[in-house]
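Notes follow once the structure below has been shown.
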Amino acid sequence: MAAALEAIGLRKRFGALQAANDVTLSVDAGEIRGLIGPNGAGKTTLVNLVTGVYRPDAGEVKLAGQSIGGLAMHEIARRGLVRSFQVTRLFGGLTVRENLLTAFYARRPSANDDGEAQAERMIRLTTLGPLADTQAKKLSGGQRALLQMGCGFMVPGSCYVLDEPFAGINPVIKEVILDMIVEMNREQGAAFLVVSHEMAIIRKLCPQVTVMMEGRVAAQGTLDEVARLPAVVAGYLGKALE
Amino acid sequence: MYSTELVVQTFISGIMIGVLYALMALGITFIYSIMRMINWAMGEFYMIGSYLQYMLVAWLLGPDLWWLAIVVSTAGVFVLGLLTQWSLLKPIFKKPPEARDDYATVVTLALLLMLRSLATGIAGPNQFTPGSNLPIVMVGPMPLAGARVAAFVFALVALAAFWAVLRYTWYGLALRAASQSRVGVQTAGIDVLRVDRVAFGIGVALAGLAGALLAPVFLVFPTNGLITTVKGFEIVVIGGLGSIPGALIAGVLLGLIESFGAAFVDSAYQNIYGFALVLLVLVLKPTGLFGERGREA
């Protein structure tokens, strides 16, 4: 079976900075893989390369075995690769429910009425019930992260790329997001690539992690394996992970 | 002093013309809110709407079918808008966003000059007026020109339809979402360039509709879009760029101020009262009545 998501030899240069330097990484079907690395290691660049925000200078991206290189962002999303942003990109003037419905119809425009039902379900799952008709710009940071997660899950995707879904979020909401990821993974068999600095969560969620440093893949393996590697410890400025 | 009747009549005519100005402003603000660019050729789409209306009434449909001519003219301008986005704007928007609105400014200014010259070249510097056989309408004791009343009613219907599409249809939701975050809609799986096309079509169709409706009142000639465009921009500044309620309320406000200024101060300065209001708003609230200082990305 083909991997859910494959990046093969991706390169991207911004001026003098080689932000992605021959990055090869694969997320198997049904896998939840962690992507860690110090700030500036190129994690978000990689996310932007696989989701079509940037065109790679070289290399290839495959979704379920099919090349998605050169496709526009919305085409990639329609093929089932769903991403979340570190800084949430919600529709501030629309309500929570409208945000969810937009995500639903965007990927399934010829739908029957089950958008409303799915929105109800997601409002329950995200625990945003009392805020369903509140404008998204009035939500707290954690609630926005929840809503963004809910939008991603409105239409089941085959692979999710989550950029820092837990950054700066209170522990209760972290748990809710964690549960949503686990449930989507179990229920739909969706694959996940989770970028995060939260080692405790990564340990819980991801059997395997990929470490990026200075635009390259520095190591792969379980979190405990990679945490012992001298290069990784050095890359985190001499700090042991955690 | 002044009679109550004069005040009431001034009020009514102010609101009636204000709603038509608002159409123009709504078009400008709607295109801006989604594409983040100003369409400087707005007045030329107004002009094309008025010429289409004249040609349809004079040559094809006759004055009795003026309402059908309005619908066809508006639809024609809508299609022209789709073609303009597809041929001139989409190539700019495919590129990364740096200086995108600068390019759009140059392109739409060039379009303005081209369309205006084209109209002069084809139809000459003449003024035309589509015949109107609408009777005078009495509102209470006040006589009102039939063409103006018809334009007002038509504009209200169009505004209601515009609002209903935005509020109740899936495409309206996509348009509203795109106005909040262009990156967001693309991530969700919406082709933002297609949304642009529809938005540009609707925006210029609003100008074309205003042109067709006002053709019997303000006449048809190559530069007839100029004054209404200036008013459209005044309204956008007063109401706040990107705000749809702002465009409607400021449109009516401008209509009222002009109307009262002309009736009770001096009609020679009719076009100046709006500027006075613009200056006042800029002093008191620089973002306009309903404008937001910044927007979330």
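The values are calculated or read from the model by the stated rules, or taken from the named source; none is laboratory data. This one's a predicted model, so the numbers in the text were calculated from it and none came from an experiment. Glycine also receives a Cβ, built like all others from the backbone with ideal geometry; neighbour counts cover every protein chain displayed.
Data for the structure
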| item | result |
| --- | --- |
| Residue within segment B:275-289 that is in a helix (DSSP H, G or I), in contact (Cβ under 8 Å) with a residue 60 or more places away in the chain and surrounded by fewer than 18 Cβ atoms within 10 Å (Cβ to Cβ) present | no |
| Flag if B:Phe218 is of a type in the set (Phe, Trp, Tyr), away from chain A (no Cβ under 14 Å) and within 24 Å of B:Lys90 (Cα to Cα) | no |
| Of all residues in segment B:120-142 being in contact with a strand residue (DSSP E or B) (Cβ under 9 Å, 6 or more places away or on another chain) and free of Cβ contacts under 8 Å to residues at least 12 places away in the same chain, the one that is farthest from B:Leu213 (Cα to Cα) | B:Met138 |
| Condition met for A:Arg83 (part of a strand (DSSP E or B), more than 11 Å from chain B (Cβ to nearest Cβ), out of contact with any Gly (no Cβ under 6 Å at 6 or more places or on another chain) and not β-branched (Val, Ile, Thr)) | no |
| Candidate set: segment A:92-102, residues that are more than 7 Å from chain B (Cβ to nearest Cβ) and not polar (S, T, N, Q); chosen: the one farthest from A:Asp114 (Cα to Cα) | A:Val96 |
| Flag if B:Ala158 is farther than 30 Å from A:Met149 by Cα and assigned to a helix (DSSP H, G or I) | yes |
| Residue list for segment B:69-95, filter: without any contact (Cβ under 8 Å) to a residue 60 or more places away in the chain and over 20 Å from the mean Cα position of the chain (by Cα) | B:Ser87, B:Leu88, B:Pro91, B:Ile92, B:Lys95 |
| Residue check, B:Leu206 part of a helix (DSSP H, G or I), surrounded by 24 or more Cβ atoms within 10 Å (Cβ to Cβ) and more than 14 Å from every other protein chain (Cβ to nearest Cβ) | yes |
| Residues of segment B:166-193 that turn out to be closer than 18 Å to B:Gln85 by Cβ and of a type in the set (A, V, I, L, M, F, W, C), as a count | 7 |
| Residue within segment B:160-170 that is surrounded by fewer than 24 Cβ atoms within 10 Å (Cβ to Cβ) and either touching a Ser or Thr at 6+ places or on another chain (Cβ under 8 Å) or closer than 27 Å to B:Ala123 by Cα (or both) present | no |
| Residue match in segment B:4-22 (condition: outside any helix (DSSP H, G or I), more than 13 Å from B:Glu258 (Cα to Cα) and not hydrophobic (A, V, I, L, M, F, W, C)) | no |
| Candidates B:Met42, B:Met47 - the one that is under 21 Å from the mean Cα position of the chain (by Cα) and more than 30 Å from B:Val183 (Cβ to Cβ) | B:Met47 |
| Per-region count, segment A:5-60, residues of a type in the set (S, T, N, Q) and over 25 Å from B:Val192 (Cα atoms) | 5 |
| First in segment A:120-147 and in the same structural domain as A:Val96 (by TED's automatic domain parsing), second anywhere and basic (Lys, Arg) and at pLDDT 85 or above, Cβ under 6 Å, 6 or more apart | A:Ala132/A:Arg97 |
| Test: residue in segment B:140-153 that is closer than 30 Å to A:Arg89 by Cα, at pLDDT 90 or above, more than 12 Å from chain A (Cβ to nearest Cβ) and part of a helix (DSSP H, G or I) | no |
| Within segment B:26-101, helices (runs of 4 or more DSSP H) holding 3 or more residues that are surrounded by fewer than 22 Cβ atoms within 10 Å (Cβ to Cβ) | B:66-84, B:90-94 |
| Which numbered condition A:Arg89 fails, given (1) at pLDDT 85 or above; (2) within 11 Å of another protein chain (Cβ to nearest Cβ); (3) in contact with an Asp or Glu (Cβ under 9 Å, 6 or more places away or on another chain) | (1) |
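Results for (1) part of a strand (DSSP E or B); (2) free of Cβ contacts under 8 Å to residues at least 12 places away in the same chain; (3) away from chain B (no Cβ under 11 Å), shown as yes or no for each residue.
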| residue | (1), (2), (3) |
| --- | --- |
| A:Gly9 | yes, no, yes |
| A:Lys12 | yes, no, yes |
| A:Val23 | yes, no, yes |
| A:Ala29 | no, no, yes |
| A:Ala41 | no, no, yes |
| A:Leu49 | no, no, yes |
| A:Val61 | yes, no, yes |
| A:Ile76 | no, no, no |
